[in-house]
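Visitor: Here you go, one structure.
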Amino acid sequence: MDEMQGTYSEDEHVVEQIQPDNEQELPQVPHQEEDAPEPHLRQSSRVLCESEPTHAGPDRVGDSHGQHKALFLTSRWALQLVNDSLSFLRAESFCRSRFSSLVTLDRSEDQEEALELLRQAGLRSPVWVRDHSRGAAQPVALSKQYLQFSALNFPRESQEGFANVNVSFPAMSAISVCVRVQWDPQWNEVSTIFSYAAPVFTNEFQLRGQVDVQGRILLALIIHGKHLPYKAWFPNDGAWHHICVTWRRSDSLWAIYVDGDRRDTSSNTDTSRDVYGDGILILGQDQDSFGGNFTEPFSGNITDLNVWNTSLEERHVRALNACSALTQERLFSWSLDLLSSHPVVRQVQTLLFCPAAHQQMELQGCRTLQGFSDQLPPLDLKDCSDLLPFVCRSSRERYLKMKQLNESQSSQPSAFMNQLMKLSNRSQMVLGPQPAELGSLSQASALLDASAQALEDTQQDGLQPVDMLALIQLLSLAADVPSQPRVNQSRRDDDAQELSVNFISVADSVISQDNALKWQAIKEVVNGPMDVVKSIDRMVTSLSPRLMAETSHLTIHSPNIKVEVQQQKLQEASGGTSFCGPETEDGASQDCISVPQQRIQDLHNNGFHSLTLVNTWYGSLRPLFNPTENISMVPTVTDGGQRYLGTVLGSSVISTTVLGDDQPVSMAVHFQLQHRIQSPLGTVYDPICAFWDFDLSPEAGGWWSTKGCEVVSKQYAHTVCHCNHTTNFALLLQVYEAQRSPENEKALQVLTFIGCGVSLCGLLFTFILFIAVGVPKSDRTTVHKNLIVALGVAELLLMCSDWASGNEVACFLVTALLHLFFMASFSWMLVEGLLLWSKVVSVNISEDRRMKLYYAIGWGLPVLIVAVTLAISVDKYKADDHCWLNVKTDTIWAFVGPVVFVLAVNAVVLCRVVMVTVSSARRRAKMLSPSSASKMQTFDLTWAVTRPVLILLPVLGLTWLCGVLVHLSVVVAYVFIALNSFQGLYIFLVYAVYNSEVRNAIKRIREKRKALSFTNCSQPTSFLPSQRAPVTSWGRAPPTPSSPETSETSGPTSSTSTSLVIKNESFRKESFVSFSLKPTTGTQVVQLTGFKPSGIHVIFSSD
């Protein structure tokens, strides 16, 4: 074979021009429908692929037409020129079966490379490319696929009805007329649907219909006066039917299409002339003369009449049947304004089924690229059904790996491939160097059956990586086999069922656990086992209408795969559906997935008529190449007691596809999956609900995503999830190394409970002392009281939270209250800091205004934060397994964010207080004597730093900073819990027991009680002697006063002292004044003592 093979380097673009070998016939890509060859499908053109060739041997590509093919290599891509042109959808399928995809011109470099290839290859036609800006079409309800048309009604009661098309027609070498007809079931006469008459010949072009004995409407054409046979037909069922007739002079070929299918065709017409121009087109009557003498009237309705001066192809007719727009220019397009009709003909409105009405790709066209003309834009839109070359894309590494594997298979075929060749001669053409497409269900089923038999025969030898590659390619080809048979094919649904069973059997062997490690050898070519899953989804979805033609439930079961298809008619009371994997031997709960009843009812309410569910379970599927490969995902927030190790697949894979009126519809599902990995000692698994997103990292075939999925409940053996869409689901288990033993966890829980209890008692006693002992009222005392209330309620709720976890409503309420009161606690801690700052730094604001601001911060701000959080994320507010905020969502920041802010502000305040205290200590030290200044300065500075820190730590909340370091060691966890769970006890000791104000208040109370005791016994309870002379107590008790004003006693003797107690009205009720007189040698002392309710006594003495 003569070859021209170029060399390439990493930095150069190379085009290889390769001539085919004359000794070896290379297969060409077959046409979409092998049983109905058409001249227009046999055109010779070239297909351009930006992908690696999938053949063995040297870098050569050929076709049966003798055209050369080009292989274009860049530093990233390998581009290849292939044979026949295909429609856009078939081009996508062609690329997909060769482990590549239609090129997307996202970057200018991609477009330049593709244009350079087109120029060097000399391609003179545009090629298909993918439009990256166009998303997938949204499913449309069946009821919404009907469009309203204006139609003409030809009544049965009158035979004079007709409509004239007011358009001038030229002479036509080809013609196509399409119309929608609703035949009156009560009309049994021969009728003319339309007739075209020219001035020189009346029966120039005409379509007639008549009812046969079987109740069918037979159709016949009249061309140039020649009456063709009645063969094409449609049922006389009163429904609308789409009819197209075509003719062209070049080969005298004519055809009649009914509802998109060709029902009659031949080439036995006159080719000596065109259809005459300047004629008249009449609807509903035969013209026996030019524009008159009407006969053979039509009875029924007619609409959507269109005329072209070209012969439409079958693909165009199918598009028109689905109401898809064509780019071909029309001589006449349906419009009542261009029609003149008889008075008996009425205008009516009707609804027609138009499934393509909402398919934007078909309406707008598909993207193409051309490089043969500088006058035309490089990018354009073409009819998606046009046959064009196309560009596929995959990596250069894939091309090299494919070449290596195929060379190995060619030189030494595996046992499986040898056995397959014996069982099926076609396997060489389909799975050979240039794989051909499969044209029918029976053909694909036969090849899959042979593959399944070869797998069974060579089970001992096992599959080689190149065998897996060939089977994956076969599955992709079989998944794209057209599911709708042609009219002349037998509609045998057993072909579809047989293909499905063989398909699942082969797919099971490919993804089985025995081949798990072999994926490593082909990872440069395929994207992993999920490529097989994607083929299964396409196959079952495509065949579901035929699979469910005679049943409403179908199950296909293999060792590792279970497929179930369910179908139901949607009604007012349609129930939910569920699907479960195989039963387990130990009787444990199964892997199940279900669609809620409300979602199905929503489909019915939106106009859908039927529902099909395609459910699949994969028992041994591992989407990644290495079964033990770690999945890199960001870990969720933890409490610091665990260290994140990685994420692994921890369950089977289960999927569901919902088809509403045979269209994919995404909806919410619930699923439950068993944990397939048990936690070994020292590790903890946290399940995450995830799905395989094929659009995420498309170059790698997709990746796991958690978007739209959430955990509903977690048990030891299984997890229940909810996702708002349908796809392939699994559980990902985030693996953590437990940093704390179960004993430590239990000890920390007990310590927390005990600490909260002790703190609660301490806070309660502190609050009672502040109220009972009469501590002087001040803004500082008020702030202390509010902090105590907020912190006390928060710790009480924390102690009760475990009891509320069993009730969903109670747990949610406790979570909200915990959030509120802990936020209030930190808000009052912030107020403590602000108050302290106002004492250290002069702030010009009145006390009343300042307290209003403090109350707004202490209580108003927490209420606002909690309310906003509940309004924004009420569904994600609470954690799944305990009564606290959900740390796996952004809700936790509604607590962590404000707390961090408070701690930062209070840390600044503490630093400022320490600086002021140290400055004061230095000033005092300078006043000391030089001998002791150095020693005293060191002591004062140390105490100046330590004292404010010890006093302010509990009220400023700075002990919570230890929470940042909890994950480092279990010792830090003990310190954190000790500091914060005993925070109330600390406040009690610092602000109650050792608080000078509280102690003085208690002392005053005690002295007051002593004063009251002295009043009752008519003597003072305490006596302060004069500074000038010592005074002793009275020798005898003072008498009780006899009147409100005064009370007199007998005169004292020379050796005794006397006292007088007076209750004065000028004093308050409980105020007394005592006079005492004691003679002594040389002097006489008079002492006056006054008692007040506050317990303070004043002493006056004179001598």
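The values are calculated or read from the model by the stated rules, or taken from the named source; none is laboratory data. Remember, predicted model here, so these are calculated numbers, not experimental data. Glycine gets a Cβ as well: all are built from the backbone with ideal geometry, and neighbour counts include every protein chain shown. Accessible surface areas use protein heavy atoms only, side chains included; no ligands, DNA or RNA. Shrake-Rupley method; radii C 1.70, N 1.55, O 1.52, S 1.80 Å.
Visitor: Taking a label point 7 Å from the Cα of ASN166 along the Cα→Cβ vector, which residues of segment 276-295 have an amide N closer than 17 Å to it?
Guide: Once the point is set 7 Å along Cα→Cβ of ASN166, 279-283 turn out to lie under 17 Å by backbone N, inside segment 276-295.
Visitor: Rounded to the nearest whole Å², what accessible area per residue is found for segment 300-400 with the 1.4 Å probe?
Guide: On a per-residue basis, segment 300-400 sits at 44 Å².
Visitor: Next question, about the same structure. Write out the trypsin sites (Lys or Arg not before Pro) in segment 649-721 meeting two conditions: DSSP loop, and at most 12 other Cβ atoms within 10 Å of their Cβ.
Guide: Within segment 649-721, the qualifying trypsin sites (Lys or Arg not before Pro) (loop, at most 12 other Cβ atoms within 10 Å) are LYS707.
Visitor: Per residue, what volume in Å³ does the convex hull of the Cα atoms of segment 651-773 enclose?
Guide: Roughly 190 Å³ of hull volume per residue.
Visitor: Still on this structure, please answer the following. For the peptides 366-377, 767-778, what is the packing order when you average, over each peptide's residues, the other Cβ atoms within 10 Å and list the highest mean first?
Guide: Ranked from most to least packed, the peptides come out as 366-377, 767-778.
Visitor: Between beta-carbons, use under 11 Å as the cut-off and find the net charge around THR726, counting Lys and Arg +1, Asp and Glu -1.
Guide: Net charge around THR726: 0.
Visitor: Among the listed pairs LYS852/LYS1008; LYS746/LYS878; LYS382/LYS569, which have their C-alpha atoms separated by more than 27 angstrom in this model?
Guide: The answer is LYS852/LYS1008; LYS382/LYS569.
Visitor: Can you pull out the trypsin sites (Lys or Arg not before Pro) in segment 236-278 whose DSSP state is coil and whose Cβ has at most 13 other Cβ atoms within 10 Å?
Guide: In loop regions of segment 236-278 (DSSP not H, G, I, E or B), the sparsely surrounded trypsin sites (Lys or Arg not before Pro) are ARG273.
Visitor: Let's test the formula: R0 of 51 Å, r as the Cβ-Cβ distance of GLU189 and ASN606. What FRET efficiency results, to the nearest 0.05?
Guide: The calculated FRET efficiency here is 0.70.
Visitor: A follow-up question, please. Could you sort 153-160, 337-344, 468-475, 822-829 so that the peptide with the highest average Cβ count within 10 Å comes first and the rest follow in order?
Guide: By packing density, highest mean first, the sequence is 822-829, 468-475, 153-160, 337-344.
Visitor: If I ignore ligands, DNA and RNA and count only protein heavy atoms, how much of PHE169 is accessible to a 1.4 Å probe, in Å² to the nearest 10?
Guide: 10 Å²
Visitor: Would you mind calculating the gained length between ARG676 and LYS1010 on full extension (0.36 nm times residue separation, minus the Cα-Cα distance), in nm to one decimal?
Guide: This chain segment gains 112.4 nm when fully extended.
Visitor: Can you give me the three principal axis dimensions of segment 531-575 from its C-alpha atoms, in Å, biggest first?
Guide: Here the Cα extents, ordered largest to smallest, are 38, 21, 19 Å.
Visitor: Let me know the shape class of segment 214-357, please: from the alpha-carbon gyration tensor, a ≥ b ≥ c as square roots of the eigenvalues, rounded when a/c is under 1.5, otherwise prolate if a/b is greater than b/c, or oblate.
Guide: Cα axes put segment 214-357 in the rounded bin.
Visitor: Between GLU743 and LYS785, with labels modelled 7 Å along Cα→Cβ, what's the label distance in nm to one decimal, could you check?
Guide: Each label point lies 7 Å from its Cα, and together they span 4.8 nm.
Visitor: Modelled label-to-label distance, SER778 and ALA322, 7 Å Cα→beta-carbon offset: nm?
Guide: Modelled inter-label distance: 8.5 nm.
Visitor: Sticking with the crude label model, points 7 Å out along Cα→Cβ, report the distance from SER272 to SER125 in nm, one decimal please.
Guide: 3.6 nm
Visitor: Quick one: which of 307-318, 500-511 comes out on top by average Cβ neighbours within 10 Å, and what's the full order, highest first?
Guide: The packing order, highest mean first, is 500-511, 307-318.
Visitor: Moving to a separate point now. Could you calculate the FRET efficiency of ASN418 with ALA700 from 1/(1 + (r/R0)^6), where r is the beta carbon distance between them and R0 is 25 Å, rounded to 0.05?
Guide: Computed FRET efficiency for ASN418 and ALA700 comes out at 0.15.
Visitor: Report the equivalent ellipsoid semi-axes for segment 133-254 in whole Å, largest first, defined as the square roots of five times the eigenvalues of the gyration tensor built from alpha carbon atoms.
Guide: Taking √(5λ) for each Cα gyration eigenvalue gives 28, 23, 16 Å.
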